[in-house]
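Structure first, then comments.
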Amino acid sequence: MRELVPKVLADGHQIHILVNCGGIQRRHAPHEFPDDDWNEVLQVNLNAVFTLCRDVGAHMLKREKDSSGRRGSIINIGSLLCFQGGINVPAYAASKGGVGQLTKALSNQWATEGITVNAIAPGYIATEMNTALLNDQARADSILARIPAARWGSPDDFKGSVVFLASRASAYVSGEILTVDGGWMGR
């Protein structure tokens, strides 16, 4: 992964925006959670996010500030599990909680340098990662009953929040975890 930023820069590009949106999940009862699954989830969901933030952040710190004093925007994708523990997903909860705190820590370091660092915490989104929940009718119904928007989210629900956090409109927003959850956290 360390080769990624030099490769992008070698092609003559600059990096103004980083969106860390990869993630995996493994489901096991906590007392039976395999070490390999724990390590894999933490590697993808937290360690890779840190590595990319570190490497892209180092590049952004070398860039001149633009006319509005900005060097770049970093947007990490967390989860509602930045705030909640979940069920049978302790590695996922730990990794996404870590993403939330990493976002705040990097914001503390870099906001003064013109780099905003924020996160988006998606609610329940109808994607492959949630197939097990969607296929468990009782669980899917109980989740849906708690979402004030009365629907599971879709990837399209993040277009506006990503554009906002990447734009100058959010120049004074840093260290935030923006929930995009159909109202779940408000209930």
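In table form, for the structure just shown:
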read-out: Members of region 127-142 that are closer than 30 Å to S107 by Cβ and hydrophobic (A, V, I, L, M, F, W, C); value: M129
read-out: Flag if G114 is over 16 Å from the mean Cα position of the chain (by Cα) and over 26 Å from L18 (Cβ atoms); value: no
read-out: Evaluation of G85 against (1) part of a helix (DSSP H, G or I); (2) of a type in the set (G, A, S); (3) exposed (fewer than 15 other Cβ atoms within 10 Å of the Cβ) (one fails), failing number; value: (1)
read-out: Options G160, G100: the member that is in a helix (DSSP H, G or I) and either of a type in the set (D, E) or in contact with a Cys (Cβ under 9 Å, 6 or more places away or on another chain) (or both); value: G100
read-out: Complete set of residues in region 26-70 that are of a type in the set (S, T, N, Q) and without any contact (Cβ under 8 Å) to a residue 60 or more places away in the chain; value: N39, Q43, N45, N47, T51, S67
read-out: Of all residues in region 1-19 being touching a helix residue (DSSP H, G or I) at 6+ places or on another chain (Cβ under 8 Å) and among the hydrophobic types (A, V, I, L, M, F, W, C), the one that is modelled with the lowest pLDDT; value: M1
read-out: Meets criteria (β-branched (V, I, T), over 26 Å from D37 (Cβ atoms) and buried (at least 17 other Cβ atoms within 10 Å of the Cβ)) for I75; value: yes
read-out: Criterion violated by S107 - all others in (1) under 13 Å from the mean Cα position of the chain (by Cα); (2) assigned to a helix (DSSP H, G or I) satisfied; value: (1)
read-out: Candidates G22, G72, filtered to the one that is of a type in the set (G, A, S) and modelled with pLDDT of 95 or more; value: G72
read-out: Residue among A169, A105, A150 that alone is among the hydrophobic types (A, V, I, L, M, F, W, C) and surrounded by 12 or more Cβ atoms within 10 Å (Cβ to Cβ); value: A105
read-out: Candidates A93, A132, filtered to the one that is over 14 Å from the mean Cα position of the chain (by Cα), farther than 22 Å from A169 by Cα, in a helix (DSSP H, G or I) and not acidic (D, E); value: A132
read-out: Which numbered condition A111 misses (of (1) more than 28 Å from P30 (Cβ to Cβ); (2) surrounded by 15 or more Cβ atoms within 10 Å (Cβ to Cβ); (3) among the hydrophobic types (A, V, I, L, M, F, W, C); (4) without any contact (Cβ under 8 Å) to a residue 60 or more places away in the chain); value: (4)
read-out: First in region 175-187 and over 16 Å from R151 (Cβ atoms) and touching a residue at least 12 places away in the same chain (Cβ under 8 Å), second anywhere and hydroxyl-bearing (S, T, Y) and surrounded by fewer than 20 Cβ atoms within 10 Å (Cβ to Cβ), Cβ under 9 Å, 6 or more apart; value: E176/S170; L178/S161
read-out: Within region 135-147, tally of residues that are buried (at least 16 other Cβ atoms within 10 Å of the Cβ) and either part of a loop (DSSP other than H, G, I, E, B) or among the β-branched types (V, I, T) (or both); value: 2
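The values are calculated or read from the model by the stated rules, or taken from the named source; none is laboratory data. Because the structure is a prediction, the values reported are computed rather than measured. Cβ sites come from the backbone with ideal geometry, for glycine too, and all protein chains shown count toward neighbours.
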